[in-house]
Structure formats: C-alpha cells, structure tokens
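None of the figures in this text is laboratory data; all of them are computed from the coordinates on show. Here the structure is a predicted model, which is why all the values come from computation and not from measurement. Glycine also receives a Cβ, built like all others from the backbone with ideal geometry; neighbour counts cover every protein chain displayed.
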C-alpha cells in the first residue's frame, strides 16, 4: 500500500519533480562552467604575465645586442626571412571572386602593435615580378613573387641614419610605410628631432637588392613635443602613407601625435595630407583636419583622393576629396568627429579645442562618406577596378564582432562621393598593408596577427 501511495505521489508531481531536477542540472552546470571559466581566466592571466616577462627578457637581449651593433633578428636567420605555406587557393566568405593563399613566418621577431606577432609593409617592383618587405624596425628583404617562401635580406645604412632606440624597441615608433617608384624606394617613419620631440620623416635610396644607402628625403617642418597641453601618443602620429601622385610629386599623410590643435593649424605639417615635390622636396597642404590617416589612394584617371583615418573611441572614417588640388579642404578633426574621447576627464580648455561635434557639414567641414562606430582599426585602401569605384579597406583591431580583423569591400557611386555597397570579409587577422597588381588580378596582404603574407588571386 505504501509503495502504491508513493507511486501516486510521483505521478501527481512528476512535472514539478522534473522541473526541479532540470533546474538542479542547470545550477550544477553553471557552477562547473563558472569554475571552468574562472580557471580559464586565471590561466590566461598567468600566460599573459609569462608572455610579458618573456617579451621583456627578449627586449633586454635585443638592447644589449643593439648596443654592441648586433641585431637579434640576424641570430634567428642572418641572410633570409623564410615563410611557410599554410594553405593554398581557399575560397573567401563574402568575397568569392578571389582565391586565398597564406604564408607565415617566425623569422620576424618584433611587432609594431599590441595583438600582432610582427609588423611589415610591402610593395611590388620589377614589373611586379618581385616583392619588397620592410619590417617596422628596419629589416629589409625581397623575393620573387613566385617564390614567397624565401626572402633575401638586404643590408642598409639605416642603423647609422636612425640612432634613437625607441625606433627599434618600442611598438609605437618605427617604419610607417614604403613606396617603390622609378627604381627608388621611399621609407616613412617616426623620427626623433631632439630630446622628447618627434616628427615624421621620409628617407630614400636607389633600389638595390644588395645594399640600400638611405638619405633624408623629407621631414616635417617641426616636431611634436612629448610635453604639450594635449598629451602625446606616438601611434596617433603614425600616418605615414606614401603614394605616387605623378612623376613629380608624392602624397604623404601625417597624424597629430594627439596634439589635436595641430590638425587645424594650416602652418603645421601634422594632421594633414601633403603633396611633396620629388625634385625640390617642398611640401604643400592638400587637406587638413585629419587625426591619423593610414590609408591613401589617388585616382589619376578621375582625379580624386580616397583616404582612411583612425577616429578616437569610434569614428574611423573613409574620406573622399574630389578634384583635391583646386582648394585646400578641411575634414574637421578635432572640431568634428563621430567618435568620443577616450577620457571623460579632460579639462574645459581641451574640450573646447576638441569638442568632437557630431556633424562635419554643420561646422563647414567635409563629411566622411562612411564612418565606423565602433572603430574597425582602419588601415590601407586599394582599388579593385579600373573605374575606381570598388575598393578593399583593411581592418586591424581585435574583435570580429566589431568587423575588425579582416577586409571591407565598398562600392562608390559614379560620382565617387557616396558608398552604395559595403561588405565585410572576416580573416581573423589584423590587416596592416595591402598592394594590388596593375591588372587587379593579384592582391598581397601583410597579416600582422600571425606574421603572414596572404595572396588573393582573381578566379575569373
């Protein structure tokens, strides 16, 4: 009788019992997951501390070698940078007109940014049969485009030309771009003008695969002092993109090093896009009001500049400047921006000088044709077609959900003043630099998350 009574009770309350049982499982699972999550966080924290310690040790080794006129990278491989093929001819999601191959290396030791294994810039030469590579700390190498597994290192005089240590050891300094033009190579970098005062420089050398003898080509009129009213951040001064304008001129971008008012000062070279005459080395301001433009393209056929620049907390921009040499245009920084200040505790004076108004046009400035909020860590830009209406834009950052770590396809209207299509292609890699062949059939990308080269080849 007692057993029958228990069975009836069980049947009567079976749903309640099941619910209590399932809740118990959920609570138990949550507890295990919480412990596991806490354990993983602890492991990651320990690993991060270990990596920081190892990096510090390696930096000390590098500095000691540097003081004795040696380079730790030469101990890894004195004459070559070797890449290993990871995969070949994969299809890309959302961008299936190109096949994707990847080569990676462990021979480039130092990075130019947190979250990166190594940073380098690339360009094609010798009728696009060869590729040139420059690491952020001044290692140069070249390879045939058909043999990306082996780059021959090229010696240079850069060590005697650039002597301040932060160039070689600090992630915020170093090389910012390269350009090969008419058998000459141009290298931009953050230079040290005097103690606690930094500028942007371009050096140049005749392209020689055995030795590069660099000479100063251009330097900004002034330097930015570390001790200024707005603060100092070398990354924000990066800019540094160099592109060919015509046979007599180059275009060059500069950031403001976080001394924000410089971007609106027409007498300053900072926060600008400049036109530099190759013969007399004189620079003229093409546009002002830029924060940190790290992507640059000029269409000779349609006479417009397309540039990308980093906003502050949010507000990365794509800007177009149609018929750019008729008048100097102002793109608004730091009066207008769709981003926000990193700090909420700036002084009243700084906020008055850099209000970051949420309109450009209202204050007489050029509106971006597209902005990203949150930021994508925007980088280089390349044209995909002869009509200069389709482009790829690199994204660095660290979050796939924010559309970082990949490339962005954009299409412009016929007037090239409006984005009519946009697509994100995730690579899970920080895209530092991109180049494209003249026939638009091959794209080469430097992926700094894993220190890799990506080759995209057109399939049709």
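With each label point set 7 Å from Cα along the Cα-Cβ vector, what nm distance links residue 385 and residue 211?
4.9
Which order do the peptides 117-125, 206-214, 353-361 come out in when sorted by mean C-beta neighbours inside 10 angstrom, highest first?
117-125, 353-361, 206-214
Which whole-number percent gives the relative contact order of the range 289-342, counting Cα pairs below 8 Å spaced six or more residues apart?
36
Which entry in [x] 109, 57, 53; [y] 64, 58, 39; [z] 90, 73, 40 matches Cα extents along the principal axes in Å derived from the coordinates of this structure?
Here the calculated entry is [x].
Taking 0.36 nm per residue of separation and subtracting the Cα-Cα distance, what length does fully extending residue 183 through residue 150 add?
Stretched out fully, the residue 183 to residue 150 stretch lengthens by 9.7 nm.
Given the C-alpha centroids of the range 62-77 and the range 134-184, what is the distance between them in whole angstrom?
Answer, in whole Å: 15.
For the range 306-460, just say rounded, prolate or oblate: build the C-alpha gyration tensor, square-root its eigenvalues into a ≥ b ≥ c, call rounded for a/c under 1.5, and beyond that prolate if a/b exceeds b/c, oblate if not.
It comes out oblate by the Cα gyration axes.
So if we plug the beta-carbon distance of residue 225 and residue 340 into 1/(1 + (r/R0)^6) with R0 = 22 Å, what FRET efficiency do we get, rounded to 0.05?
0.30
Explain nothing, just the number: relative contact order of the range 80-458, from Cα pairs under 8 Å at least 6 residues apart, as a whole percent.
13
Quick one: if the Förster radius is 22 Å, what FRET efficiency do residue 61 and residue 165 give, using the C-beta to C-beta distance and rounding to 0.05? Working shown, then result.
On the way: r = 14 Å, r/R0 = 0.64.
Efficiency for this residue pair is about 0.95.
What nm value, rounded to one decimal, do you get for the distance between residue 347 and residue 400 when each label is placed 7 Å out toward the C-beta?
4.5
Would you mind putting 307-314, 195-202 in packing order, based on average other-beta-carbon counts within 10 Å, highest first?
Taking the mean over residues of other Cβ atoms within 10 Å, the ranking is 307-314, 195-202.
Using 0.36 nm per residue, how much length does the chain from residue 157 to residue 265 gain when fully extended, once their Cα-Cα distance is taken away?
Extending this stretch completely gives an extra 35.4 nm.
Which order do 402, 256 fall in if you start with the one that has the fewest other Cβ atoms within 10 Å?
Details: 402 16, 256 27.
Ascending Cβ contact count within 10 Å gives the list 402, 256.
Which value at 222 nm does the chain reach when only helices count, each DSSP H run of 4 or more adding -39,500 (n - 2.57), with the total divided by all residues and rounded to the nearest 500 deg cm²/dmol?
Result for the chain: -6000 deg cm²/dmol, rounded to the nearest 500.
Where does each of 432-440, 288-296 land if you order them by average Cβ count within 10 Å, highest first?
Peptide ranking by packing, descending: 288-296, 432-440.
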